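One structure is given here, and the rest of the page talks about it.
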Amino acid sequence: MRILVIGSGGREHAILKGLAADPATTDLHVAPGSPAFASLATVHADYKEVADPARMLELARDVNPDLVVVGPEVPLVAGVADALRAEGIAVFGPNADAAQIEGSKAFAKEVMEAAGVATARAQTVPAGASDDDIEHALDYFGPMYVVKDDGLAGGKGVVVTPDRAEARQHIHLVHAAGNPVLLESFLDGPEVSLFCLVDGETVVPLLPAQDHKRAYDNDEGPNTGGMGAYTPLPWLPAEGVERIVREVCEPVAKEMVKRGTPYSGLLYAGLAWGVAGPSVVEFNCRFGDPETQPVLSLLKTPLAGVLNAVATGTLDELPPLEWEDGYAVTVVLAAANYPADPRKGDAITSPDLADADKILHAGTSVKDAEVISNGGRVLNVIGKGESLSEARAAAYDVLNNIELADSFYRNDIGQAAEEGRISIDS
Ligand code: GLY
């Protein structure tokens, strides 16, 4: 199978690594990719316009792939999958109308309401709303205030705060960009990221994971795209995944079919598990980043066959997925000043820099034969082990040997779970 992957981050590095390990993969391409991916795939660095369907189609015509895997949400919401499918190319990733499950939080709420899926109460505050309307909405929802940009914000458009002034400031910031705001009630309880392969009404869950969205230890600091993740979740009841699939993912998949916008690709359910069970915080229309990195590192079933089954509408024929025993952890090494204004161009050294079993590249480049930082989240370090504690130790051992000036990482990825400090009430 000749496969083209669209994207350039740590998630795409993990996907490429999984695809490369599948004997069914004969030829791998990536756009725009990163120099670090060159040992796995032909890198089409000139194709940076991933949200331009015509440009991606041009590349696909050149590469002539059997399968295209679209990594990020922006091309999906922009209709890249539609353009490729119209050309008869098998694509892993939903069409634009189905990708609205992430592209518009208001749309996602509408689908959940129709499907009877538990989620936070929400109200849209349109750009141009009066100060009075904003104050009334703040009265109704907080504190805690949950303020979301109702558009694509790379996981960084959400502010959760007890501070009314901070909530108000974020509303004004989002409105200034011309986007509506979604105010939500706060969902309490530990968070779960569950990725499901979805092909119409067929839903196949991957291992559940937990992300750490705040920049600093003990969940302090600003929201980020995600600073680290671990899988599976030792505190989740044995029937937890089945319950999320039954109560959340299957009803949503059915509702999308009913609406005439069947879903094909990866449905990411971000949930909080409160006293009443799982409740949806958000949906994404693609693999999560960085949760994909540990999740795929435990997948034994060859990845190309899995993604191709979804893309060709044959997921119901796929044998059950097989997983390695044990745990996997990813810790993100972030650049100085991430997330506000990450510094780029600093040299990175590590004995493990080219070992994709230990380090996936999320934001690097090469200059004068030296690997340099080129993004906010720079490296994703992977640790695996029979226990969560072994997996954490393996990841932090690798991190200790990386040099990148003024970079930082969280020391507590998976720590609360390892110490048995996470429990659920239902
Ligand atoms: N891990 C958060 C996201 O992928 O949006």
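The values are calculated or read from the model by the stated rules, or taken from the named source; none is laboratory data. What you are looking at is a predicted structure, and each value in this text was computed from that prediction instead of being measured. Heads up, the Cβs are rebuilt from the backbone with ideal geometry, glycines too, and the neighbour counts pull from every protein chain shown. The accessibility values were calculated without ligands, DNA or RNA, using every heavy atom of the protein model including side chains. Shrake-Rupley method; radii C 1.70, N 1.55, O 1.52, S 1.80 Å.
Evaluated over the Cα positions of the chain, the convex hull gives a direction-averaged projected area, one quarter of its surface, of 19.3 nm².
Using only DSSP helix segments of four residues or longer, with each worth -39500 (n - 2.57), what per-residue ellipticity at 222 nm results for the chain after dividing by its residue count and rounding to 500?
Taken over the chain, the calculation gives -8000 deg cm²/dmol.
Any chance you could list the semi-axes, whole Å, largest first, of the equivalent ellipsoid that the Cα gyration tensor gives for the range 1-134, using √(5λ)?
After diagonalising the Cα gyration tensor, the semi-axes are 34, 16, 15 Å.
Could you tell me how far the Cα centroid of the range 180-231 sits from the Cα centroid of the range 363-407, in Å? Cα centroid to Cα centroid, the span is 21 Å. What the phi angles of the range 323-328 give under the Karplus curve with 6.51, -1.76 and 1.60, with θ = phi - 60°, is a coupling list of 10, 5, 6, x, 10, 9 Hz, glycine and proline written as x. The Rg/Rh ratio of the range 348-426, with both radii computed over alpha carbons and Rh defined as the Kirkwood radius, is 1.07. For the range 133-228, taking the reciprocal of the average inverse distance between every pair of different Cα atoms yields a Kirkwood hydrodynamic radius of 15.0 Å. Remark: C-alpha extents of the range 188-338 on the principal axes read 44, 34, 31 Å, sorted largest to smallest.
Computed over the chain with a Gaussian network model linking Cα atoms closer than 10 Å, the most mobile of E247, E166, E239 is E239. Charging the Cβ of each Asp and Glu at -1 and of each Lys and Arg at +1, and nothing else, the dipole of the chain about its Cα centre rounds to 440 debye. For A90, the residues 5 or more places off, or on other chains, whose built amide H falls under 5 Å of its own are V68. Atom-type composition of the exposed protein surface of the range 245-343 places 50 percent of the accessible area on carbon and sulfur (1.4 angstrom probe). The orientation-averaged projected area of the convex hull spanned by the Cα atoms of the range 107-185 comes to 5.1 nm². Over all pairs of different C-alpha atoms, the range 272-426 has a mean inverse distance whose reciprocal, the Kirkwood radius, equals 17.6 Å.
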